[in-house]
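Asker: Following this message is one structure expressed as structure tokens.
The values are calculated or read from the model by the stated rules, or taken from the named source; none is laboratory data. This structure is a prediction, so every number in the text was calculated from the model and none was measured. Neighbour counts run over all protein chains shown; Cβ positions are idealised from the backbone, glycine included. Protein only, heavy atoms only, side chains kept; ligands, DNA and RNA dropped before computing areas. Shrake-Rupley method; radii C 1.70, N 1.55, O 1.52, S 1.80 Å.
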Amino acid sequence: MAGYVGRFAPSPTGPLHAGSLVAALASWLDARAHRGQWLLRIEDVDAPRCVPGADTLILQQLADCGLTPDAPPQWQSQRGAHYQRALDALIQAGLAYPCACTRREIEAAWAARGITWPRHAEVPYPGTCRAGLQGREGRAWRLRTDFLKQIPRYPSANWSVHALFSGANEPLPPADAARIEGATVHWCDRRLGAHAQDVEATVGDFVLRRADGLWAYQLAVVVDDALQAVTHVVRGEDLADNTPRQILLQRALGVPIPRYLHTPLVRNAAGEKLSKQTHAPALDTRNPLAALDAAAAVLGLGPAPGAAGVPEALTHWTAQWAARWTAHDAARQPTAGTATQGNAE
Ligand code: GLU
């Protein structure tokens, strides 16, 4: 497909494990099946969580598995100026505001409205600082998730925020797989199907820059996907619930909305998702074919043919992937209309 750009975007919080290889393999196969480009981005904005040397290890593990990017990898820690430009543009457009609230104050604001949340629940932001800081000191920056309600015909073309990105890359065709009504994002995942989330009610105005000064994942990922002209995001299903936030932010910035495909998760014997928190062992790439075979099985692909080496196995799976997802995508052509062209009337 002309113009297809995919990416794998690991956080270097440790080496790849069997679960991350599934996402890496799927995004690589999707890019190859579309005859597109596959990029690699090291998502090291959350410096305290990063492990020194993990990025090098990840690149080596991927190379061992034959998954090499088509351009030099990028490190988010070197891209702060881009995130700042995006934040400045959002502030200028009145779509981002400073917030002084601590978690305790957020819970107190809900309690004052007679609403309590379970102890470990993600508490939506009640919008306290939308009305200004009232003399308090701003700690974080948040996106106004209600901006399409406030500015029903929020312009994305010829808009200062849009100008931020124009010229950076070839223009992309608008995505046809998302639609936004007010603060509700409707989107169609290529594997998981149709979803909708009222971002304002479920998450609230979310953080773009954290109280500790670090860039939030949501802003960094959206800015980088836009600047790298990513057309197709293929990543683990644990990130699916971030997608509506990212689509809203893409709309606020006036950048194209990519297509999304979220891959199945790998669980340990206790049924927990493999992750650093659940002490997933590092992926052993001394036998890359065995590691790839296991990842391919999770993706519903058959085993590599008998005497295949890594390149032959990857070619075999690319053909399988193309046959499966081309037909599947065609059958699932969304009819949702376009999100990039404007707020639904
Ligand atoms: N860096 C994120 C992670 O490793 C993935 C981000 C993405 O693919 O959007 O969980």
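Asker: Being more than 30 Å from PRO281 (Cβ to Cβ), within 16 Å of the ligand (Cβ to nearest atom) and in contact with a helix residue (DSSP H, G or I) (Cβ under 8 Å, 6 or more places away or on another chain): is that true of ARG79 here?
Answerer: On the way: more than 30 Å from PRO281 (Cβ to Cβ): yes; within 16 Å of the ligand (Cβ to nearest atom): yes; in contact with a helix residue (DSSP H, G or I) (Cβ under 8 Å, 6 or more places away or on another chain): yes.
Yes; evaluated as a whole, the condition is true for this residue.
Asker: With the structure loaded, tell me whether ALA108 is more than 13 Å from the ligand (Cβ to nearest atom), more than 21 Å from LEU274 (Cβ to Cβ), outside any helix (DSSP H, G or I) and open to solvent by 20 Å² or more (accessible area, probe 1.4 Å) or whether it fails that test.
Answerer: Values: more than 13 Å from the ligand (Cβ to nearest atom): yes; more than 21 Å from LEU274 (Cβ to Cβ): yes; outside any helix (DSSP H, G or I): no; open to solvent by 20 Å² or more (accessible area, probe 1.4 Å): yes.
No: the conditions fail for ALA108.
Asker: Please give the helices (runs of 4 or more DSSP H) falling wholly within the stretch 212-300 in which 1 or more residues are open to solvent by 20 Å² or more (accessible area, probe 1.4 Å), modelled with pLDDT of 95 or more and away from the ligand (no atom under 16 Å from the Cβ).
Answerer: Details: elements: 217-227, 243-253, 288-298.
Of the helices (runs of 4 or more DSSP H) lying wholly inside the stretch 212-300, those with at least 1 residues that are open to solvent by 20 Å² or more (accessible area, probe 1.4 Å), modelled with pLDDT of 95 or more and away from the ligand (no atom under 16 Å from the Cβ) span 288-298.
Asker: Sticking with this one: Could you please give the count of residues in the stretch 186-208 that are assigned to a strand (DSSP E or B), within 16 Å of CYS129 (Cα to Cα) and either touching a Lys or Arg at 6+ places or on another chain (Cβ under 6 Å) or open to solvent by 10 Å² or more (accessible area, probe 1.4 Å) (or both)? Spell out the reasoning first.
Answerer: Pass one, the stretch 186-208, residues assigned to a strand (DSSP E or B): 186-189, 193-198, 204, 207-208.
Narrowing further to those that are within 16 Å of CYS129 (Cα to Cα): 204, 207-208.
With either touching a Lys or Arg at 6+ places or on another chain (Cβ under 6 Å) or open to solvent by 10 Å² or more (accessible area, probe 1.4 Å) (or both) added as a condition, the list becomes 207.
Final tally of qualifying residues: 1.
Asker: Taking GLY19, is it open to solvent by less than 30 Å² (accessible area, probe 1.4 Å), within 28 Å of ALA304 (Cβ to Cβ) and within 12 Å of the ligand (Cβ to nearest atom)? First the steps, then the outcome.
Answerer: Numbers: open to solvent by less than 30 Å² (accessible area, probe 1.4 Å): yes; within 28 Å of ALA304 (Cβ to Cβ): yes; within 12 Å of the ligand (Cβ to nearest atom): yes.
Yes.
Asker: Run down ARG35, ARG49, ARG41 and say which single residue is open to solvent by 10 Å² or more (accessible area, probe 1.4 Å), under 30 Å from ALA330 (Cβ atoms) and either away from the ligand (no atom under 13 Å from the Cβ) or in contact (Cβ under 8 Å) with a residue 12 or more places away in the chain (or both).
Answerer: ARG35
Asker: For the stretch 61-72, does any single residue satisfy the condition of being under 30 Å from GLY138 (Cα atoms), open to solvent by 20 Å² or more (accessible area, probe 1.4 Å) and within 16 Å of the ligand (Cβ to nearest atom)? Give the steps one after another, and end with the answer.
Answerer: Residues of the stretch 61-72 under 30 Å from GLY138 (Cα atoms): none.
Checked against the condition, which is being under 30 Å from GLY138 (Cα atoms), open to solvent by 20 Å² or more (accessible area, probe 1.4 Å) and within 16 Å of the ligand (Cβ to nearest atom), the stretch 61-72 yields no hits at all.
Asker: Just checking, which of ASP70, ASP44, ASP30 is within 22 Å of ALA282 (Cβ to Cβ) and not polar (S, T, N, Q)? Let's see the steps before the verdict.
Answerer: Working: ASP70 fails: within 22 Å of ALA282 (Cβ to Cβ); ASP30 fails: within 22 Å of ALA282 (Cβ to Cβ).
Within the list ASP70, ASP44, ASP30, the selection yields ASP44.
Asker: While we're on this one: Restricting to the stretch 55-96, what's the tally of residues that are basic (Lys, Arg) and part of a helix (DSSP H, G or I)? Explain how you work it out, then say what you get.
Answerer: At the first step, the residues of the stretch 55-96 found to be basic (Lys, Arg) are 79, 85.
Next, only the ones that are part of a helix (DSSP H, G or I) stay: 85.
Residues that pass the stated criteria total 1.
Asker: Please go through the stretch 1-29 and give me each residue that is under 16 Å from GLU237 (Cα atoms), at pLDDT 95 or above and touching a Gly at 6+ places or on another chain (Cβ under 8 Å), ordered by number.
Answerer: Result: SER20, VAL22, ALA23, SER27.
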